[in-house]
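Beneath this line is the structure, given in structure tokens, with notes to follow.
Quick note: the coordinates plus some simple rules give every number you see, no bench work behind them. Bear in mind the structure is a predicted one, so any value in this text is a computation, not a measurement. Note: ideal-geometry Cβ built from the backbone for every residue, glycine included; neighbour counts use all protein chains shown.
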Amino acid sequence: MDSTLNDRHFPGDTLLDEGRLRAAPWAELWRLLWRVGRVLLARVPATLSVWWERSRQRDDLSHAELRMLLDIGLTEEQARKEARKPYWLD
């Protein structure tokens, strides 16, 4: 069963204030961090897939022959420049 953020409780997220429960100041921070963490974790597989594909393509470019580069409209210098880029850069 998937619980929503509103019914998720973290340690110490309520304080006793004159006999009444109130939200602790850090409770909202925990909820925000939880939300951000879930979004970031959801993007990890897609990001890794893109990085893997870029790495593979740049490796292919670095080993391509001149005639193949000319077929796809690249000069040797353009191919070298692209192949030297790190995988995390677009």
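With each pseudo-label sitting 7 Å past Cα toward Cβ, what's the residue 62-residue 84 distance in nm, one decimal?
For the pair residue 62/residue 84, the computed spacing is 1.2 nm.
Multiplying the sequence separation of residue 53 and residue 34 by 0.36 nm and subtracting their Cα-Cα distance, what value in nm do you get?
In short, 3.9 nm is gained.
Mind checking the full-extension length gain between residue 72 and residue 27? Use 0.36 nm per residue of separation minus the Cα-Cα distance, one decimal, nm.
Numbers: separation 45, 0.36 × 45 = 16.20 nm, distance 5.52 nm.
10.7 nm is the gain from fully extending residue 72 to residue 27.
Just to check I understand the Karplus step: with θ = phi - 60° and J = 6.51 cos²θ - 1.76 cosθ + 1.60, what whole-Hz values come out for the range 32-41, glycine and proline as x?
5, 4, 4, 4, 5, x, 5, 5, 5, 5
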